[in-house]
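A quick write-up on the structure given underneath.
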Amino acid sequence: MVKKISLVIDELTGCEGCKMSLLELIEPLLDSIMRDEIEIVYAPILLDAESFDHADIALLAGSIRNSEDLEKARWIREKVDILVATGACAYIGGIHGLGNLFTWRDLVSGVFGNVNHEVADEIPSLLEYTKPLWREVNVDYFIPGCPPNPDTIAKVLDGIKRGLKPHEIFEARTVCDECPLKREEKSASKVLRVIDTPVEQSTDRCLLEQGYLCLGPSTLAGCGALCPKKGVPCIGCYGFVVKPGESFDNAIARTIASIGASFKIEPPERIDDEILDTIGTFMKFILPSFFIPRIIK
C-alpha cells in the first residue's frame with residue numbers, strides 16, 4: 001500500500017500570484033486525492049483547519065517581511081518533514097525585495113507619511129529587510145517563478161516523490177534553451193528599452209542581440225520562455241542558474257558578465273549609463289539573496 005502524503009499549502013508576504021498557481025494545481029491533484037494518495041491537511045485558501053500536528057510536505061510561498069512571517073515560517077518548519085520554498089519570493093526574495101534598497105522607515109513614510117508602524121499592536125511589525133525563506137529556516141526544495149508555472153510545481157512534487165535532490169530536478173538549462181528566437185552570435189551596440197523602442201514583432205531574432213536586456217541566457221528554464229515568445233525580454237523571475245556548489249553571488253556576477261559581453265559598447269563602463277538601473281535590471285528578484293541582503297540608498 002502506498003503511503004498517503006500529507007500536504008500543507010500556505011503563504012507569507014507576497015502578491016498572491018503563487019496562490020493562484022497553487023489553486024491551478026489542485027485540479028490535477030484531485031485524482032491523487034481521490035485515490036487516497038495525497039491529503040491536504042492545512043491550506044487556509046482551501047480549508048477551515050486552523051492548525052495541524054504534522055505533515056510530510058509544505059509548499060510555502062512568499063518572503064519573510066514582518067514578524068508574523070517569521071513566526072509562521074518557524075512554526076511550519078517545525079511541523080513538516082520537507083519544506084518547499086514556493087515561488088520567487090520564498091526562493092530568492094522576490095520583486096518586493098528591492099525594498100531592501102531603503103530602510104523600512106523610508107518605505108513606511110513614503111507610502112503613509114510620518115506614521116509609526118508599531119502604533120497598533122494587531123499589525124505585525126516590519127523586519128529590517130525582506131528575506132527569502134532560507135535565511136531564517138532550513139529549506140529542502142525550491143520552486144522558482146513569479147508566479148511558478150503549475151507544471152513546475154507538479155515537476156518538483158514528482159521529484160520529491162521519486163527521492164530526487166533539487167539539482168537533479170532542475171537541470172542547468174536556461175530560458176534560451178526553451179526560446180524559439182534565433183541567435184546569430186552578434187553583439188548589440190546600444191541598450192534598448194521596450195518602453196522607448198517597442199520590439200519588432202515581424203522578426204524572429206534574439207532579443208538580446210537586438211539590443212534588449214534579456215536575462216534568458218542565465219535564467220533557469222521552466223517557464224517555457226513565455227515572455228520572449230511574446231516579444232518581452234526575460235527579467236529573470238525563475239532565478240539564475242546556480243551550479244552545484246556555487247553561491248548566489250557567483251551566479252549573479254556570472255550573469256552580469258555574460259550579459260555585458262553581449263554588447264559591444266565603448267568604453268565598456270558606459271554600459272552602466274545605458275542600462276540606467278543596474279540593480280533593478282539584474283537583481284529584480286534576487287537582491288535579498290545577494291551576500292549583502294540589504295543595500296541602503
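Looking at (1) in contact with a Gly (Cβ under 6 Å, 6 or more places away or on another chain); (2) surrounded by fewer than 20 Cβ atoms within 10 Å (Cβ to Cβ); (3) of a type outside the set (Lys, Arg), can you tell me which one residue 238 breaks?
(2)
Please specify each residue of the range 32-56 satisfying the condition of being hydrophobic (A, V, I, L, M, F, W, C) and either out of contact with any Lys or Arg (no Cβ under 9 Å at 6 or more places or on another chain) or surrounded by fewer than 13 Cβ atoms within 10 Å (Cβ to Cβ) (or both).
Selection gives 33, 34, 40, 41, 43, 46, 47, 49.
Just the residues that are out of contact with any Leu (no Cβ under 6 Å at 6 or more places or on another chain), at pLDDT 80 or above and closer than 19 Å to residue 166 by Cα, please, taken from the range 227-246.
237, 240, 242
Failed condition for residue 247, given (1) over 15 Å from the mean Cα position of the chain (by Cα); (2) crowded, with 19+ Cβ neighbours inside 10 Å; (3) not aromatic (Phe, Trp, Tyr), with all others met?
Evaluating residue 247 over (1) over 15 Å from the mean Cα position of the chain (by Cα); (2) crowded, with 19+ Cβ neighbours inside 10 Å; (3) not aromatic (Phe, Trp, Tyr) leaves (2) as the failure.
Any residue at all in the range 222-237 that's touching a Lys or Arg at 6+ places or on another chain (Cβ under 6 Å) and over 30 Å from residue 66 (Cβ atoms)?
no
Could you tell me whether residue 177 is acidic (Asp, Glu) and at pLDDT 90 or above? First the steps, then the outcome.
Working: acidic (Asp, Glu): yes; at pLDDT 90 or above: yes.
In short, yes.
For residue 224, are the conditions met, namely being touching a Pro at 6+ places or on another chain (Cβ under 7 Å) and modelled with pLDDT of 90 or more? Full working, then the answer.
Details: touching a Pro at 6+ places or on another chain (Cβ under 7 Å): no; modelled with pLDDT of 90 or more: yes.
It is false that residue 224 is touching a Pro at 6+ places or on another chain (Cβ under 7 Å) and modelled with pLDDT of 90 or more.
The values are calculated or read from the model by the stated rules, or taken from the named source; none is laboratory data. Everything quoted here is computed from the prediction, not taken from an experiment. As a convention, Cβ positions derive from the backbone with ideal geometry for all residues, glycine included, and neighbour counts pool all protein chains shown.
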